Amino acid sequence: MGRLTDGVMNAVLHARVLRRWSRAARKAPTAELQALRVQRQQARGLSSRLAELIYVADSRLALPRIGSNAFARPGGTLWSWRPQVWRGPLPRKGMTAVASRTELGDEVTLFHDCKVSELTLRQLRNTREEDLAPFGMRLDVFGFDGSFLSLVLDLPPEAILGMNRKQVLRVDTIVEVEKPIEIFARLNIKHGPNTEVMVQELPRTRGEAVVEFDLAYCDLNEKRIEKAWLDLIFEGPAMNQITLRDVTMCRYPRAEI
């Protein structure tokens, strides 16, 4: 009963406030200047609060929902992961003149060797019907005087639990670029003093691009695996806009022949 009463009172109060500001807007052309100054100050304060509420509400109510880890996985998947950058909001939504070794959350780091950084980076909310990731990441590259640009994804400890050479590690990405460029995925697995490296080029198709790393083709000491990370390497990125709508990874048993 109390909630119903509160709801009715809030509706009445909202209608009253709406009528007040509607009346003030109608009378604004002929209102006294002193009264108009007061109303303008009040309206600006109200407008900023409303804009903040609308921004947060749009973000929380838009699909896909923040924190979503939903994506297609092959049958028998043993481990799957979507990094936080594509799953939840970052403390800083945008950066300019991005320096090398800039961390994006706890799992992703941007690397480059530019003397002068002309890179901007921002997180954006995915709202397209086909998007499964709540967030995307957009990298704008203007002048580029370096020799490499990469995103390094540090895989969580769960990624290597039970990892062996009878498994496949799959990387799914949704990439949009202004002009075609080569993008490589490089898997690094540290085992003891050695690091096994496997490289594949992402298919140059619009939208989803998938690569698979068959661990049977690497010289991996399964008992000494310490950590793993993935590099996404962008070749010749100058004067381009690169949008990563989603990045996910999963590990599953390879088909036995």
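Odds and ends about this structure:
- For region 79-253, size of Cβ-based charge dipole, Lys and Arg +1, Asp and Glu -1, in debye: 340
- Counting neighbouring beta carbons within 10 Å and listing from fewest to most, the residues Met249, Met9, Met163, Met198 come out as Met9, Met198, Met163, Met249.
- Relative exposure of Tyr252, Tyr217, judged by other C-beta atoms within 10 Å (fewest first): Tyr217, Tyr252
- Folded to 0 to 90 degrees: helix 33-61 orientation relative to the chain principal axis, Cα: 30
- The C-alpha atoms of the chain define a longest principal axis, and helix 2-27 lies at about 70 degrees to it.
- Partner lysines whose Cα lies under 30 Å from the Cα of Lys93, excluding those fewer than 8 positions away in the same chain, are identified as Lys115, Lys179, Lys227.
- Relative contact order computed over region 79-253 (Cα-Cα under 8 Å; 6+ residues apart), in percent: 29
- Across region 211-222, computed HN-Hα scalar couplings (Karplus, 6.51 cos²θ - 1.76 cosθ + 1.60, θ = phi - 60°) run 10, 10, 10, 7, 6, 5, 9, 10, 8, 9, 8, 4 Hz from first to last residue, x flagging Gly and Pro.
- Exposure proxy order (Cβ contacts within 10 Å, fewest to most) of Thr30, Thr77: Thr30, Thr77
- Here region 79-253 was treated as a single set of alpha-carbon atoms; its pair distances binned every 5 Å from 0 give 1, 8, 17, 21, 20, 16, 10, 6, 1, 0 percent.
Read-outs: derived from the displayed coordinates by stated rules, not from any lab. From a predicted model like this one, the values you see are computed outputs, not experimental measurements. As a convention, Cβ positions derive from the backbone with ideal geometry for all residues, glycine included, and neighbour counts pool all protein chains shown.
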